[in-house]
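The values are calculated or read from the model by the stated rules, or taken from the named source; none is laboratory data. Quantities reported herein were computed from a predicted structural model and do not represent experimental measurements. Cβ coordinates were reconstructed from backbone atoms using ideal geometry, including for glycine residues, and neighbour counts include every protein chain displayed.
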Amino acid sequence: MNLRPNHAVVLGWFASFVILVGLGQAQTTDTVESLLAEASKSLNAKCPMQIDQDTRLESTVAGPGRRLTYICTAMNVPADLAGWVREKRTWLINSYKTVPGLSTFRSYGVELCYEYLDSAGKHVARISVSPADFQ
């Protein structure tokens, strides 16, 4: 499987930029949630977006709470789906933990949820990661 840093970096930088701009004003739960909604809206304006050769971002959804869900199409779903999900989840956790563009999300405890569909639009997997996965 080809997991590129590009995937998390692109998604993190777009969404984090919107949040960083707004968090200078207030840090309440309502503010974080409203900024996630704004980040989702900004990302959705750019969708669909090819993230890498195997992944296309279709849309995003903010909430509930401090969650941002990425709806993605996985272009090449392997036969070993369980292995693919395990490897993808490990990679996503590591990316969330280490990618500088995601630091705002980490500091505010944002859960990133990745909903993967196959090329026919059928649900393939859901992978959620949060700071709790690496603390």
In the set A82, A120, A26, which member is modelled with pLDDT of 90 or more, over 14 Å from the mean Cα position of the chain (by Cα) and not in a helix (DSSP H, G or I)? A120
All-but-one check, I127 against (1) in contact with a Phe, Trp or Tyr (Cβ under 6 Å, 6 or more places away or on another chain); (2) part of a loop (DSSP other than H, G, I, E, B), failing number (2)
Here are S107, S130: which of them is closer than 18 Å to A37 by Cα, at pLDDT 95 or above and not aromatic (F, W, Y)? S130
Could you list, in sequence order, the residues of the stretch 31-51 that are under 16 Å from L117 (Cβ atoms) and in contact with a helix residue (DSSP H, G or I) (Cβ under 9 Å, 6 or more places away or on another chain)? M49, I51
Just to be sure before I move on: is T104 among the β-branched types (V, I, T), buried (at least 18 other Cβ atoms within 10 Å of the Cβ) and outside any helix (DSSP H, G or I) in the structure I sent? no
Quick one: what pairs do we get from the stretch 36-48, first residue surrounded by 17 or more Cβ atoms within 10 Å (Cβ to Cβ), second assigned to a loop (DSSP other than H, G, I, E, B) and at pLDDT 90 or above, C-beta under 8 Å, 6+ apart or different chains? L36/G63; L36/R66; L36/V110
